[in-house]
Every structure is written in C-alpha cells, then in structure tokens.
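Right, one structure below, let's go through it.
The values are calculated or read from the model by the stated rules, or taken from the named source; none is laboratory data. Bear in mind that the values here come from a model prediction, so they are computed numbers and not experimental data. Glycine also receives a Cβ, built like all others from the backbone with ideal geometry; neighbour counts cover every protein chain displayed.
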Amino acid sequence: MGPEDGVDDREYGDDDVDYGDPHDYDNLDEDRSEFADPGGRSALRAETEDNPRNLPCPNCGAEDVLTPADRAHGYQCDRCADRAERGDDY
Ligand SMILES: [Zn+2]
C-alpha cells in the first residue's frame, strides 16, 4: 500500500463546481449573523456599532455583557441564562 493508490485522484477529479450552490448558505448566514453566537446556545445579540455591548446584566450585575437589543428583550448574561436553564439558581 502506498500513497499512489489513485483514490485521491478520483475524489478530486469530480469537480462539479455547481454542486451545493453557496448562495443558499449566504442567506442563512445573514439571517443568523445578528446573533452573537450563531449556531450556539446564546440568544444574545451580536455587538454592532449601533448596538454596543455596554450594559450590565440585570441579574448578576456583570458589566458590558448586554447590548441595548438584549436588554429590550429582557435577556440576562450568558452565565445567568445558562444557570437559569440548568436550574442551578434555586
Ligand atoms: Zn448575569
């Protein structure tokens, strides 16, 4: 057995560039890009120029953990949200 068994050539030989049109994924990314942690568990919004992360958590008081959009939604910081989800609060 060696590196020249031809398997790699066959895999890369099928370069159908149209397969899986990347534009579909572009739209998906834009939809999710407003989240600070796309695909993750955090519901917090991403920090932007108009939405700076400069507000304290209403629960634990940690500074600069929430954006105005987060506060408008009544969110708390990731740590508190995570704790509340697991029920460790009480
Ligand atoms: Zn907190």
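LEU55 meets each of the listed conditions (1) surrounded by fewer than 15 Cβ atoms within 10 Å (Cβ to Cβ); (2) of a type outside the set (Val, Ile, Thr); (3) more than 8 Å from the ligand (Cβ to nearest atom) apart from (1). Here ASP29 does not fit the description of being at pLDDT 90 or above and in a helix (DSSP H, G or I).
Of the residues examined, ARG79 is one that is modelled with pLDDT of 70 or more and not in a loop (DSSP other than H, G, I, E, B). Contact annotation: residue pairs with Cβ atoms under 6 Å, 6 or more positions apart or on different chains, pairing a residue in region 62-82 that is closer than 10 Å to ALA43 by Cα with a partner that is within 9 Å of the ligand (Cβ to nearest atom) and polar (S, T, N, Q), are GLN76/ASN59.
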